[in-house]
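In what follows, a single structure is set out as structure tokens and then discussed.
The values are calculated or read from the model by the stated rules, or taken from the named source; none is laboratory data. Keep in mind that this is a model prediction, so the values were computed, not measured. Neighbour counts run over all protein chains shown; Cβ positions are idealised from the backbone, glycine included. These area figures cover heavy atoms from the full protein model, side chains too; ligands, DNA and RNA do not enter into them. Shrake-Rupley method; radii C 1.70, N 1.55, O 1.52, S 1.80 Å.
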Amino acid sequence: MNQLFHVLFEGFPGKSNRGFLGWSSAVLLNNRRFGLFDTAGFGERIELINRLRAQNVQPQDIDFIILSHFHFDHVANISLFPHAKVYLHESEVRHILEDSSVDLVVPVELFHSLYESGRLVILRGEKGVVENYDWFRTPGHTPGCISISFQQNGETFVLAADAIKNLLEAQTGEVWMSTNPEMSRESIKKILDRADWILPGHDRLLHVRRTDHTTFIEAAGESKVDIAFAKDYPNEVSVQIHEEDGGQSITIGVGGVIHGV
Ligand SMILES: [Zn+2]
């Protein structure tokens, strides 16, 4: 790994009729010390370690974790890295302590165990530098969201996390799931003003291309998830593709009747 970062998981912009999938982005940072920007969700726990080891990084080698915000699908694996300091913005700490009864995807018990471990480092203000990476506030999705940016090969990369969850949000400025949509729009603008490349919280890497009058945002890859059924599963697997609201959804079912999302 010779770069400043390696994408361990690209996010996936999916939801289902049993809830948000929560397949988020997680990034290995390498700036003399190893760190993580977000840690993915509980379901990715084993695969996260596999992917780190594929980069010759062991869990005990991770010195720091920068958390974009404190939703379960970004923070669930902080306990796997016992030597890591964990950076989180003070506005997010306030959100966890004051709003977790309304923001139900905040794992508040995990915050208390993190706090008691002594590993939490609180970031304050609008922007700064942490572990040699620039961070800046990008509130809206939650009040304490932060993004980080850095230069590589003369271009600016922004790890946006859920300030920009996917391509559509980057293109339209409109977001789904925000505590403050107006702030979200401002945060998206702040990111677009500086980024050549954006890694969203729940989508593949995006390229920002500028002409004299227009800014184009394009996907730079494919966010692909393979779903497997239990080996030799006896019932038929059915897949239906639906058109809805100008988009598409897929229903996957095993046995019995399947219903649209
Ligand atoms: Zn989130």
- prompt: Where nothing but the Cβ of Lys and Arg (+1) and of Asp and Glu (-1) is charged, how large is the charge dipole of the chain around its Cα centre, in debye to the nearest 20?
  reply: 640 debye
- prompt: Between 205, 29, 110, which gets the highest mean-square fluctuation from a Gaussian network model of the chain, Cα cutoff 10 Å?
  reply: 110
Charged-residue dipole, Cβ positions (Lys, Arg, Asp, Glu), region 154-261 about Cα centre, Debye nearest 20: 280 debye
message: Past 27 Å, Cα to Cα: identify those pairs from 15/189; 127/189; 15/231; 165/231, in the order given.
response: 165/231
Cα coordinate range in region 110-261, projected on the principal axes (Å, largest first): 55, 52, 33
message: What Kirkwood Rh does the chain have if only Cα atoms enter the pairwise 1/r average? Answer in Å.
response: 19.2 Å
field: Three-way shape label, region 2-131, alpha-carbon gyration tensor, a/c 1.5
entry: oblate
statement: With residue 63 itself left out, Lys, Arg at +1 and Asp, Glu at -1 over residues whose Cβ is under 13 Å from its Cβ give +2
query: Can you pull out the chymotrypsin sites (Phe, Trp or Tyr not before Pro) in region 1-67 that DSSP calls coil and that have at most 13 other Cβ atoms within 10 Å?
result: none
query: So how do 215, 138, 156 rank on accessible area, 1.4 Å probe, biggest first, that is with the largest at the start?
result: 215, 156, 138
- prompt: How much of the DSSP beta bridge set in region 37-143 is antiparallel, as a percent to the nearest 5?
  reply: 35 percent
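Can you give the relative contact order of the chain as a percent, counting alpha carbon pairs under 8 Å and 6+ residues apart?
Rounded, it is 14 percent for the chain.
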- line: The local net charge around residue 219, scoring Lys/Arg +1 and Asp/Glu -1 for residues other than residue 219 whose Cβ lies under 13 Å from its Cβ, equals -2
- request: Would you mind finding the longest exposed-site-free stretch of the chain, with exposed trypsin sites (Lys or Arg not before Pro) meaning DSSP loop and at most 16 other Cβ atoms within 10 Å?
  value: 125-223
statement: Taking Cα pairs closer than 8 Å and at least 6 residues apart, the relative contact order of region 76-220 in percent is 18 percent
Cα gyration tensor, region 131-182 - rounded (a/c under 1.5), prolate or oblate: oblate
- request: Over region 1-56, calculate the relative contact order: mean separation of alpha carbon pairs under 8 Å at least 6 apart, over the residue count, as a percent.
  value: 30 percent
- prompt: In a GNM of the chain with a 10 Å cut-off on Cα contacts, which of 176, 197, 135 has the highest mean-square fluctuation?
  reply: 176
message: As an exercise, take the mean of 1/r over every pair of distinct alpha carbons in region 182-261, invert it, and state the Kirkwood radius in angstroms.
response: 16.5 Å
- request: With +1 on each Lys and Arg Cβ and -1 on each Asp and Glu Cβ, and nothing else charged, work out how big the dipole of region 169-210 is about its Cα centre, in Debye to the nearest 20.
  value: 200 debye
- line: So for R0 = 25 Å, FRET eff. of residue 115-residue 6 from the Cβ-Cβ r, to 0.05, ends up at 0.30
message: Going by Cα centres, region 107-141 and region 7-39 are how many Å apart?
response: 17 Å
field: Net length gained if the chain between residue 176 and residue 222 were fully extended (0.36 nm per residue, minus Cα distance)
entry: 14.4 nm
query: In a GNM of the chain with a 10 Å cut-off on Cα contacts, which of 217, 122, 164 has the highest mean-square fluctuation?
result: 122
